[in-house]
Amino acid sequence: MGERGALRVRLDRLVREAAKFGAVGAVGLLVNLVVFNLVRHATDVPVVRAGILATVVAIVFNYVGFRHFTYRDRDKTRRTKELSLFLLFSVVGLVIENGVLYAATYGFGWDTPLQSNVFKFLGIGVATLFRFWSYRSWVFRSVPLPAEAGESFLERSPDRIQS
């Protein structure tokens, strides 16, 4: 396979990975915002604490989705390390996400339900960029495929691909 063909295969894999990440993330976003609004409006929990609680629920949901859908073909031999790294990077994402909400709420006094949702959504967006990079780079590490060793994508037999 030529250099252009190998690049095409890698780009196709990245696009599929981003689409799967986005699908899990979209449902995780919905979980995050629904929990946030339920806690925010049904209890007296302050806005940022409600945001943190919602993020934790979404992190649990997302781990299951990422492990069993987005990254199911990735290395599964070091689950403890994977989960530890996932939690570490998720906590960094939690700080980014809810830091935006904190700055808007306590720094600028933007605390209406609409403003809280806008800044929660904005924080999720910024944190998602970090999470995509960190999860694919450090948490769900890829196992080298035969195509990366010089065999074309079409020459691989399906029974040799890990699922």
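Which of the residues spanning region 40-65 are under 18 Å from residue 99 (Cα atoms) and touching a Leu at 6+ places or on another chain (Cβ under 9 Å)? If you could, list the steps in order and put the result at the bottom.
Kept after step one, since they are under 18 Å from residue 99 (Cα atoms), are these residues of region 40-65: 40, 45-59.
Across region 40-65, the qualifying residues are 45, 47, 48, 50, 51, 52, 54, 55, 56, 58, 59.
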* Asked: Among 78, 74, 49, 136, which is in contact (Cβ under 8 Å) with a residue 24 or more places away in the chain and open to solvent by 70 Å² or more (accessible area, probe 1.4 Å)?
  -> 136
* Asked: Which residues, taken from region 55-68, are hydrophobic (A, V, I, L, M, F, W, C) and either closer than 20 Å to residue 116 by Cβ or buried (at least 19 other Cβ atoms within 10 Å of the Cβ) (or both)?
  -> 56, 57, 58, 59, 66
* Asked: Of the conditions (1) at pLDDT below 85; (2) out of contact with any Pro (no Cβ under 7 Å at 6 or more places or on another chain), residue 128 fails just one. Which one is it?
  -> (1)
* Please enumerate the residues belonging to region 18-34 that are under 17 Å from residue 118 (Cβ atoms) and free of Cβ contacts under 8 Å to residues at least 40 places away in the same chain. => 30, 34
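Could you grab me the full set of residues in region 93-122 that are in contact (Cβ under 8 Å) with a residue 24 or more places away in the chain and under 15 Å from the mean Cα position of the chain (by Cα)?
So the first thing to find is which residues in region 93-122 are in contact (Cβ under 8 Å) with a residue 24 or more places away in the chain, and the list is 93-94, 96-102, 105-106, 111, 113, 116-117, 120-121.
Of everything in region 93-122, those that are in contact (Cβ under 8 Å) with a residue 24 or more places away in the chain and under 15 Å from the mean Cα position of the chain (by Cα) turn out to be 93, 94, 96, 97, 121.
Residues checked against (1) open to solvent by less than 80 Å² (accessible area, probe 1.4 Å); (2) at pLDDT below 95; (3) under 11 Å from the mean Cα position of the chain (by Cα):
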site	(1), (2), (3)
8	no, yes, no
34	yes, no, no
53	no, no, no
91	no, no, no
* Cβ pairs under 9 Å, 6+ apart, first in region 5-17 and without any contact (Cβ under 8 Å) to a residue 60 or more places away in the chain, second open to solvent by 50 Å² or more (accessible area, probe 1.4 Å) and part of a helix (DSSP H, G or I) -> 10/148; 14/136
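Any residue at all in region 95-114 that's among the β-branched types (Val, Ile, Thr) and either open to solvent by 80 Å² or more (accessible area, probe 1.4 Å) or closer than 18 Å to residue 139 by Cα (or both)? Lay out the reasoning, then the answer.
Kept after step one, since they are among the β-branched types (Val, Ile, Thr), are these residues of region 95-114: 95-96, 100, 105, 112.
Filter again for either open to solvent by 80 Å² or more (accessible area, probe 1.4 Å) or closer than 18 Å to residue 139 by Cα (or both), leaving 95.
Yes: region 95-114 contains one or more residues that are among the β-branched types (Val, Ile, Thr) and either open to solvent by 80 Å² or more (accessible area, probe 1.4 Å) or closer than 18 Å to residue 139 by Cα (or both).
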* Within region 131-163, track down each residue that is modelled with pLDDT of 85 or more and either among the small types (Gly, Ala, Ser) or out of contact with any helix residue (DSSP H, G or I) (no Cβ under 8 Å at 6 or more places or on another chain) (or both). => 133, 134, 137
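The values are calculated or read from the model by the stated rules, or taken from the named source; none is laboratory data. These figures come from a predicted structure and were not determined experimentally. Counting neighbours? That spans all protein chains shown, and the Cβs are built from the backbone with ideal geometry, glycine included. Side chains are part of the model used for accessible areas, which takes the heavy atoms of the whole protein and leaves out ligands, DNA and RNA. Shrake-Rupley method; radii C 1.70, N 1.55, O 1.52, S 1.80 Å.
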